[in-house]
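Q: Just dropping this structure here.
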Amino acid sequence: MKPILRYMPHEFSFDVVGTRFAWYVLTALLILISIVSIWVRGFNFGIDFAGGILIEARSEQVVDLAKLRSSMQALDVGDVQITTTGDTGRDVSIRVPQQKGGDQAQNAALKKVQGVLAEGYQLRRTDVVGPKVGGELIISGALAVALAIIAIAIYVWFRFEWQFALGTVLALCNDVLTTLGIFSVFQLNFDLTGVAAILTIAGYSVNDSVVVYDRVREMLRRYRKMPLAELLNQSVNKVLPRTLLTVFTVALTVIALLVLGGEALRPFSIALAWGLFVGTFSSIRVGMPVLLYFDLRRDEVTGSAHVPALEKGKQPAE
């Protein structure tokens, strides 16, 4: 019996360039929705960015959430969020908002919560983050993403040409903005793991772009007279089977994280799942067709006007 993957076509015939305007509209719509949601709804910042107290604990028996919430409300420390994690019903995550009064008020609130959990619970994690630290982490996270995009653009520029670097940056901006939009639209908990997800998506997207651009450069050297639109289409279709196979294998890992990773990793897993889709989409549907508008000169890309020798028996490529 042949493996299922052997039935995948070795080459596709999609008209990526001819349908580019429809995909441009879809891309613009996704970015617009993301920007509007970020502007109107903002983010559901986690403890890392918003400040506050995060406690993860395990109970000796199944947690009675109603009773625990009632006990926390009596502490007068603000709107305490309590969620169960895992499948046993014994693990809980408790989030206490930032307290007015600085570190002293934070420590006082922490002691109150720990007092409630003193009997019947085992504390597994305790994080206390002040507003100043949270603000600094927001700036550091935004700077990390911006520097990553700049570094990737410089790398692609040196490896290929500036036209490819611009296409990569446009694709990356689409990936980052729409992923941020996912966090905002669904109000997923956005903390440092969210920043890690965005950086992971950027790395995946640029890897996909480099593979496609490498095939474009190879075909530019070989087919000197082929119209650029046709050449771009053929380049995409030749690497698409490899891209789909990569997406399939990575998707297995992401699905495992999404199903088995628990509540703490769920926002990270959802962001990765979206990034897997949008990273592949942007590399092919955004980063590739825009090369038509960047005055892509074959002599600059190939570095020489010399046509490589053809294999014996082959006709000159047009």
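Q: Which values, in whole Å and largest first, are the semi-axes of the equivalent ellipsoid of region 230-299 obtained as the square root of 5 times each eigenvalue of the Cα gyration tensor?
A: Rounded to whole Å, the semi-axes are 33, 13, 6.
Q: Can I ask one more? Positive end of the charge dipole of the chain (Lys, Arg +1 and Asp, Glu -1 on Cβ, about the Cα centre): tell me which of 47, 165, 62 has its Cα farthest that way.
A: Comparing the listed Cα positions along the dipole, 165 ranks first.
Q: So, in Å, what gap is there between the alpha-carbon centers of region 91-129 and region 195-239?
A: One Cα centre to the other: 50 Å.
Q: Still on this structure: Using only Cα atoms and rounding to the nearest 10 degrees, what angle (0 to 90) does helix 20-40 make with the longest principal axis of the chain?
A: Between helix and principal axis, roughly 20 degrees.
Q: Out of the DSSP beta bridges found with both residues in the chain, what percent are antiparallel (nearest 5)?
A: Bridges in the chain that DSSP calls antiparallel: roughly 90 percent.
Q: Please turn the phi angles of region 211-227 into ³J(HN,Hα) values with the Karplus equation 6.51 cos²θ - 1.76 cosθ + 1.60 (θ = phi - 60°), one per residue in order, whole Hz, x for glycine and proline.
A: Each residue of region 211-227 in turn: 4, 5, 5, 5, 5, 4, 4, 4, 6, 5, 6, 8, 10, 6, 10, 5, x Hz.
Q: Would you calculate, for the chain, the mean residue ellipticity at 222 nm contributed by helices, counting each DSSP H stretch of 4 or more residues as -39,500 (n - 2.57) and dividing by all residues, to the nearest 500?
A: -20500 deg cm²/dmol
Q: With only alpha-carbon atoms counted, please give the Rg and Dmax of region 52-129, in Å.
A: Calculated on Cα positions, Rg and Dmax stand at 11.8, 37 Å.
Q: So, one more: Where Lys and Arg each count +1 and Asp and Glu each count -1, what net charge lies around residue 65 among other residues with Cβ under 13 Å from its Cβ? Don't skip to the end; give the middle numbers.
A: Details: positive: 67, 69, 90; negative: 64, 91.
So the environment of residue 65 carries a net charge of +1.
Q: Follow-up. For region 200-262, with equal point scatterers placed on the C-alpha atoms only and solvent neglected, what are the log10 I(q)/I(0) values from the Debye formula at q = 0.19, 0.22, 0.23, 0.30 1/Å, to two decimals?
A: Log-scaled intensity ratios, in q order: -0.76, -0.90, -0.95, -1.21.
Q: Next question. So what J values fall out for region 180-185 if you push phi through Karplus, 6.51 cos²θ - 1.76 cosθ + 1.60 with θ = phi - 60°, rounded to Hz, Gly and Pro as x?
A: Each residue of region 180-185 in turn: 4, x, 4, 4, 6, 4 Hz.
Q: Can you tell me how much longer the chain between residue 229 and residue 29 gets when fully stretched, taken as 0.36 nm per residue apart minus their C-alpha distance, in nm with one decimal?
A: Separation in residues times 0.36 nm, less the Cα-Cα distance, equals 69.5 nm.
Q: Using only Cα atoms and rounding to the nearest 10 degrees, what angle (0 to 90) does helix 131-159 make with the longest principal axis of the chain?
A: Value to nearest ten degrees: 10.
Q: Less than 14 Å Cβ to Cβ from residue 30, Lys/Arg counted +1 and Asp/Glu -1: what total charge do the surrounding residues give?
A: 0
Q: Helix 266-285 sits at what angle to the longest principal axis of the chain, using alpha carbons and giving 0 to 90 degrees rounded to 10?
A: 20
Q: Let me spell out the model: positive unit charges on the Cβ of Lys and Arg, negative unit charges on the Cβ of Asp and Glu, origin at the Cα centre of region 52-129. What dipole size does that give, in debye rounded to 20?
A: The calculation lands at about 100 debye.
Q: Using the beta-carbon distance between residue 151 and residue 260 and R0 = 41 Å, what value does 1/(1 + (r/R0)^6) give for FRET efficiency, to the nearest 0.05?
A: Once rounded, the FRET efficiency stands at 0.80.
Q: Quote the FRET efficiency, to the nearest 0.05, computed for residue 100 versus residue 292 with a Förster distance R0 of 51 Å and r equal to the Cβ-Cβ distance.
A: Details: r = 56 Å, r/R0 = 1.10.
The formula returns an efficiency of 0.35 here.
Q: Okay, next question. Taking the structure as given and computing Cα Rg over 2.2 N^0.38 Å, which label from [x] 0.97; [y] 1.22; [z] 1.29 fits?
A: Answer by label: [z].
Q: Something else about it: Using only the Cα atoms of region 113-226, what are the Rg and Dmax in Å?
A: Using the Cα atoms of region 113-226, the pair Rg, Dmax is 21.0, 79 Å.
Q: About the Cα centre of the chain, how large is the charge dipole given +1 on each Lys and Arg Cβ and -1 on each Asp and Glu Cβ? Please answer in debye to the nearest 20. Walk me through the intermediate numbers first.
A: Working: 30 positive and 27 negative charges, 154 e Å.
Approximately 740 debye in magnitude.
Q: Another question, if that's okay. What's the tally of Lys pairs in the chain whose alpha-carbon atoms lie under 20 angstrom apart, where the two lysines are 8 or more places apart or on different chains? Intermediate values should be presented prior to the final figure.
A: Numbers: 67/111; 67/112; 100/111; 100/112; 100/132; 225/238; 225/314; 238/314.
Pairs that pass both the separation and distance tests number 8.
Just so you know, all these numbers are worked out from the coordinates, no wet-lab data involved. Keep in mind it's a predicted model, so treat the numbers as computed, not measured. Because the Cβ atoms are built from the backbone with ideal geometry, glycine has one as well, and the counts that use them run over all protein chains shown.
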